[in-house]
1. For the subset of the stretch 328-351 comprising residues that are modelled with pLDDT of 90 or more and either touching a Lys or Arg at 6+ places or on another chain (Cβ under 7 Å) or exposed (fewer than 12 other Cβ atoms within 10 Å of the Cβ) (or both), which member is nearest to K263 (Cα to Cα)?
2. Looking only at the stretch 16-35, count how many residues are among the charged types (D, E, K, R) and either part of a loop (DSSP other than H, G, I, E, B) or at pLDDT below 70 (or both).
3. Go through the stretch 215-264 and count every residue that is touching a helix residue (DSSP H, G or I) at 6+ places or on another chain (Cβ under 9 Å), of a type in the set (D, E, K, R) and closer than 23 Å to Q288 by Cβ.
4. Do we have Q189 as in contact with a Gly (Cβ under 9 Å, 6 or more places away or on another chain), over 17 Å from A141 (Cα atoms) and among the polar types (S, T, N, Q) here?
5. Could you tell me how many of the residues in the stretch 126-148 are crowded, with 20+ Cβ neighbours inside 10 Å, without any contact (Cβ under 8 Å) to a residue 60 or more places away in the chain and under 22 Å from the mean Cα position of the chain (by Cα)?
6. Condition first: in a helix (DSSP H, G or I) and either more than 15 Å from the chain's Cα centre (by Cα) or polar (S, T, N, Q) (or both). Now tell me which residues in the stretch 218-236 satisfy that.
7. Scan the stretch 252-265 and tell me whether some residue there is more than 30 Å from T204 (Cα to Cα), hydroxyl-bearing (S, T, Y) and out of contact with any Lys or Arg (no Cβ under 6 Å at 6 or more places or on another chain).
8. When the stretch 262-307 is examined, which residues are found to be more than 24 Å from I232 (Cβ to Cβ), without any contact (Cβ under 8 Å) to a residue 40 or more places away in the chain and either surrounded by 18 or more Cβ atoms within 10 Å (Cβ to Cβ) or touching a Leu at 6+ places or on another chain (Cβ under 9 Å) (or both)?
Amino acid sequence: MFDKEGVRMINAKGEKHGTITPRINDKENFEVTTLRIDKVTDGRHAEVEFTTDWRIDAERRDLTINSMFLDLDGTVYDYFNGKEDLEKRKVQFVGSPVARIQEDYLRILRYFRFYGRIAECADSHCPKTLQAIKANGKGLAGISGERIWMELRKIVSGNHAGSLMKYMYDQGIPQYMGLPKYGDVVEFQAVCNRAQMLNPKPVTLVSALLQDENDVINFDKRLKVSVEERKIAFFIVGHRNQTEVIEDRLKPYKDMLVMGLFKDKDTTTKITELLKYKGEAAMLEELQNWKIPKFPVSGNDLMKIGVKPSKKFGKQIDKLREVWKNTNFTATKEDLLKYAEEFKAGPSTEK
């Protein structure tokens, strides 16, 4: 049908599972899935059989609110009271929670994600559901890190994140998804509260659960986060406990920003996320409005005054940058080149 209309089809691998993905106007993808039955499941993948029975298809859905169908004339087909649950802001599995979870263990995280989207109360979980999650949480160990991170990112960025994380730890599942077994949930909840109006990245919030660099390494190894996300986690864990005891509390961040940009283009993002982590809204705004000074000296400038390129040329530039930083970035090109005269004396003066 789509081929006949000249609609581009992508992700052909889904066809064996009954799913096709047409791309409309080369702008937006739509997944279209036929009715099916999961004949064999291993907690990650399923062998499917196609059917024409809407109820049978609904039975294999994860949550009641996801098991409804809408006809072209607006008729709702609801076999498991999903509409009622949606109206009551209730999130529960279709039929047996244990059976649904064992069909795909990622449904544990989907439950918490949809709870954050739908539920009004942070603590209205069904005990039977929590018991099923606790009994089957180990199954998450077999789920790919990419799939886990996709769900976890949405959980920590959604409603009730602090409460949901506590429930996840109470059920003992974080250890199977790249997080430390005894993560600092209290710190996580505090960061969620103080950063909620600052739009932090998901990894910024998750960093509250990571105690040290080893936790960051294990987190990255398990979930395969992006390079930027890994950098942010390392930076926050390494700098969150530093205190500003000087009058200009923003100066250490300005120094890190200017000096860090010489070697890492992600420095601005890392410092921004650190300030969000700390809930420093005023400092964040001031830093974002600050015009970053430009280092006034280049390698060509040094060569023009007679400094010969050598293996120590890079270190000499770094030394000038430190001098510049110590003047609060006010030293002029002439000031720095005057200081650089000592470089012309040769290796004997280098330390």
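The values are calculated or read from the model by the stated rules, or taken from the named source; none is laboratory data. What you see is a predicted model, and the numbers here were worked out from it, not measured in a lab. Note that we place each Cβ from the backbone using ideal geometry, even for glycine, and neighbour counts take in every protein chain shown. Only protein heavy atoms, including side chains, enter the accessible area calculation; ligands, DNA and RNA are left aside. Shrake-Rupley method; radii C 1.70, N 1.55, O 1.52, S 1.80 Å.
1. That would be T330.
2. Final tally of qualifying residues: 4.
3. So the answer is 10.
4. yes
5. 2
6. N218
7. No: zero hits.
8. If the condition is that a residue be more than 24 Å from I232 (Cβ to Cβ), without any contact (Cβ under 8 Å) to a residue 40 or more places away in the chain and either surrounded by 18 or more Cβ atoms within 10 Å (Cβ to Cβ) or touching a Leu at 6+ places or on another chain (Cβ under 9 Å) (or both), then F295, D301, K304, I305, V307 are the ones that fit.
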